[in-house]
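See structure below.
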Amino acid sequence: MVLVKFCKNSWTVKPSNKSQKLRMNFASPIRRLYAWIIDIGLLLLAIFITAPISNGLFFSKDAAFADLAIFVVYFLIPTALRGKTIGKWVAGISVVDIEGKIPGPVAIPREIVGKFVSYAVLGIGFIWIIFDKKNQSWHDKIAGTYVIEDNPKSKPSFLMKIIQGKENKN
């Protein structure tokens, strides 16, 4: 059993078998969008670089399965192993479970089934982040994960100054 207490945009989590508390600050919708834009930008860059030299092996009408596999692998493996993609690393956010741990195999349903469901209903699963008090999208709810702000020491310092400046103005 886990006890959770809401306080503004952060939660204190106390697992019943542990005496220590974990504070999670949920990533804002803007920060999550920023990470997604970076990830999509990197994937588009890869497409524009590799498509002309792959001789139809990737990013052509005959290579739909390979293309889909590239997108799934880009999001699945880093999220399962490190709790973040390159975009999330730059934005200073991570995917964690209720105890604040990297999701591991839980990332599989989150990234494949959960994101498919979120996209399939015209993106409403992603827009849900704006209305949810924990800033969870449907794919987070399906997998029982949260996207939280990282410890400031794990973020690129030059980007932290930009992010903090933008968030303090709001």
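Among Ile37, Ile49, which is part of a helix (DSSP H, G or I), exposed (fewer than 14 other Cβ atoms within 10 Å of the Cβ), modelled with pLDDT under 90 and of a type in the set (Val, Ile, Thr)?
Numbers: Ile37 fails: modelled with pLDDT under 90.
Being part of a helix (DSSP H, G or I), exposed (fewer than 14 other Cβ atoms within 10 Å of the Cβ), modelled with pLDDT under 90 and of a type in the set (Val, Ile, Thr) holds for just one of Ile37, Ile49, which is Ile49.
Looking at the stretch 62-84, is at least one residue at positive phi, in a loop (DSSP other than H, G, I, E, B), free of Cβ contacts under 8 Å to residues at least 60 places away in the same chain and not charged (D, E, K, R)?
yes
Of the conditions (1) modelled with pLDDT of 85 or more; (2) closer than 23 Å to Lys133 by Cβ; (3) of a type in the set (D, E, K, R), Lys8 fails just one. Which one is it?
Going through the list (1) modelled with pLDDT of 85 or more; (2) closer than 23 Å to Lys133 by Cβ; (3) of a type in the set (D, E, K, R), Lys8 breaks only (1).
Is it the case that the stretch 109-129 has a residue that's touching a residue at least 24 places away in the same chain (Cβ under 8 Å), farther than 15 Å from Arg32 by Cβ and not aliphatic (A, V, I, L, M)? Walk me through how you get there before you give the answer.
Our first condition is that a residue be touching a residue at least 24 places away in the same chain (Cβ under 8 Å); within the stretch 109-129, this holds for 109-115, 117, 129.
Filter again for farther than 15 Å from Arg32 by Cβ, leaving 109, 112-113, 117.
The next check asks that each one be not aliphatic (A, V, I, L, M); those that pass are 109.
Yes, the stretch 109-129 contains at least one residue that is touching a residue at least 24 places away in the same chain (Cβ under 8 Å), farther than 15 Å from Arg32 by Cβ and not aliphatic (A, V, I, L, M).
Under 6 Å between Cβ atoms, at least 6 apart or on separate chains: pull out the pairs that start in the stretch 23-49 with a residue that is within 14 Å of Gly92 (Cα to Cα) and end on any residue that is assigned to a helix (DSSP H, G or I) and among the hydrophobic types (A, V, I, L, M, F, W, C).
Final answer for the pair search is Pro29/Ile129; Pro29/Ile130; Arg31/Ala91; Tyr34/Ala91; Ala35/Ala91; Ile38/Val90.
Looking at Glu99 and the list (1) touching a Ser or Thr at 6+ places or on another chain (Cβ under 6 Å); (2) modelled with pLDDT of 80 or more, which single condition is not satisfied?
Checking Glu99 against (1) touching a Ser or Thr at 6+ places or on another chain (Cβ under 6 Å); (2) modelled with pLDDT of 80 or more, the one that fails is (1).
The values are calculated or read from the model by the stated rules, or taken from the named source; none is laboratory data. Note that the structure is a prediction, hence the values are computed from the model and not measured. Cβ atoms come from the backbone with ideal geometry, glycine included; neighbour counts cover every protein chain shown.
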